[in-house]
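Engineer: Have a look at this one.
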Amino acid sequence: DTGVSQNPRHKITKRGQNVTFRCDPISEHNRLYWYRQTLGQGPEFLTYFQNEAQLEKSRLLSDRFSAERPKGSFSTLEIQRTEQGDSAMYLCASSSWGVTDEQYFGPGTRLTVT
Amino acid sequence: KNEVEQSPQNLTAQEGEFITINCSYSVGISALHWLQQHPGGGIVSLFMLSSGKKKHGRLIATINIQEKHSSLHITASHPRDSAVYICAAGGQGAQKLVFGQGTRLTINP
C-alpha cells in the first residue's frame, strides 16, 4: 500500500450540481478523517470515522454534505446542490488509532464550483 | 482568537539561513503535529510530538507543554524547503486536528 489516495484530484462543477469524492485510506488504518482547506487557510475538520462508524461531524458540515464509510475501508464525501462557497481542497487522512495516531494525508481533491 | 496560532505567516530567507517557525495553541492536546504542504496541496507529516524535542535530518521540532508553544527549526535551509508549514493540535481521544493558518516559507538561492 503506497498511502492514502483520493479521487478525483480535481473537479469542476456548476453551482447546483452534486459531487462525490472518494478516499482510500491506508489499508490497516481504522480511522479516517475529512478536512476542508480554503485558499490561504489551514485545513478545517469536517468529520471522522472509526471503522464504519461516523463518530463526529463539524458544524461546518451542513445538511448538503454527507459522508459514508460503509465497510470501514474507503469513504465517500458527497456534496449536494453545490454552492460557490464549497470551492476548496478536500483532504482525507487516515490513522491507526491506538497505535501511533499519526495521520497520513491524501493528495486532496480540489473542487471548483462555477 | 484562533485555537492554534502560527508566526510568522510569511517568511523569506536566503539559502543556508537558520529558520524558526512558531506555534502557540490554547486547546488541550495529546500531540502537536508539524506538517509540510507543497504547491498542489499534498500534505506530509513531519513530526508528531507530545513532549521535548524531535530531530529528523535538518529539521528539529520542540514543544513546551506548560507554555503551550512549539517551534519548528530548519538548519542550513535550502530552496527545496520552500513550502507551507502547518502546525496542528491533536486533541484527546478523537485526535481530530485543529490547524494553524500555516507559514509560507520561501528560501532564495
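Engineer: How many residues, within the range A:96-111, are facing another protein chain (nearest Cβ under 7 Å) and surrounded by fewer than 24 Cβ atoms within 10 Å (Cβ to Cβ)?
Structural biologist: The number of residues fulfilling the criteria is 7.
Engineer: Just give me the residues in the range A:42-52 being within 12 Å of chain B (Cβ to nearest Cβ) and more than 22 Å from residue B:35 (Cα to Cα), in sequence order.
Structural biologist: Selection gives A:50 alone.
Engineer: Please work out which residue is modelled with the lowest pLDDT, limiting yourself to the range B:4-52 and to residues that are within 11 Å of chain A (Cβ to nearest Cβ) and part of a loop (DSSP other than H, G, I, E, B).
Structural biologist: B:41
Engineer: So, in the range A:70-91, how many residues would count as being in a strand (DSSP E or B) and out of contact with any Leu (no Cβ under 7 Å at 6 or more places or on another chain)?
Structural biologist: So the answer is 6.
Engineer: OK, next. Looking only at residues in the range A:5-50 that are part of a loop (DSSP other than H, G, I, E, B) and closer than 30 Å to residue B:8 by Cβ, which one is farthest from the chain's Cα centre (by Cα)?
Structural biologist: Among residues in the range A:5-50 that are part of a loop (DSSP other than H, G, I, E, B) and closer than 30 Å to residue B:8 by Cβ, the one farthest from the chain's Cα centre (by Cα) is A:40.
Engineer: Of all residues in the range B:13-41 being among the aliphatic types (A, V, I, L, M) and over 11 Å from residue B:90 (Cα atoms), which is surrounded by the most Cβ atoms within 10 Å (Cβ to Cβ)?
Structural biologist: Here the answer is B:35.
Engineer: For residue B:104, indicate whether it is out of contact with any strand residue (DSSP E or B) (no Cβ under 6 Å at 6 or more places or on another chain) and either at pLDDT 95 or above or not in a strand (DSSP E or B) (or both).
Structural biologist: Criteria not met by residue B:104.
Engineer: Here is a further query. Given the conditions (1) without any contact (Cβ under 8 Å) to a residue 60 or more places away in the chain; (2) buried (at least 17 other Cβ atoms within 10 Å of the Cβ); (3) among the charged types (D, E, K, R), and given that residue A:63 satisfies all but one, which numbered condition is not satisfied?
Structural biologist: Condition not satisfied by residue A:63: (2).
Engineer: When you scan the range A:58-69, do you find a residue that is within 14 Å of chain B (Cβ to nearest Cβ), modelled with pLDDT under 95 and either in a strand (DSSP E or B) or touching a Cys at 6+ places or on another chain (Cβ under 9 Å) (or both), even just one?
Structural biologist: Checked against the condition, which is being within 14 Å of chain B (Cβ to nearest Cβ), modelled with pLDDT under 95 and either in a strand (DSSP E or B) or touching a Cys at 6+ places or on another chain (Cβ under 9 Å) (or both), the range A:58-69 yields no hits at all.
Engineer: Shifting gears a bit: Which condition does residue A:84 not pass, out of (1) more than 14 Å from the chain's Cα centre (by Cα); (2) within 14 Å of chain B (Cβ to nearest Cβ); (3) not hydroxyl-bearing (Ser, Thr, Tyr), if it passes all the others?
Structural biologist: Result: residue A:84 passes all but (2).
Engineer: Please enumerate the residues belonging to the range B:53-70 that are assigned to a strand (DSSP E or B), polar (S, T, N, Q) and exposed (fewer than 15 other Cβ atoms within 10 Å of the Cβ).
Structural biologist: The answer is B:64, and nothing else.
Engineer: Name the residues in the range B:57-109 that are within 14 Å of chain A (Cβ to nearest Cβ), free of Cβ contacts under 8 Å to residues at least 60 places away in the same chain and aliphatic (A, V, I, L, M), would you?
Structural biologist: Within the range B:57-109, B:61, B:83, B:84, B:94 qualify.
The values are calculated or read from the model by the stated rules, or taken from the named source; none is laboratory data. Nothing here was measured: the structure is a model prediction, and the numbers come from that model. Positions of Cβ are backbone-derived with ideal geometry, glycine not excepted, and every protein chain shown enters the neighbour counts.
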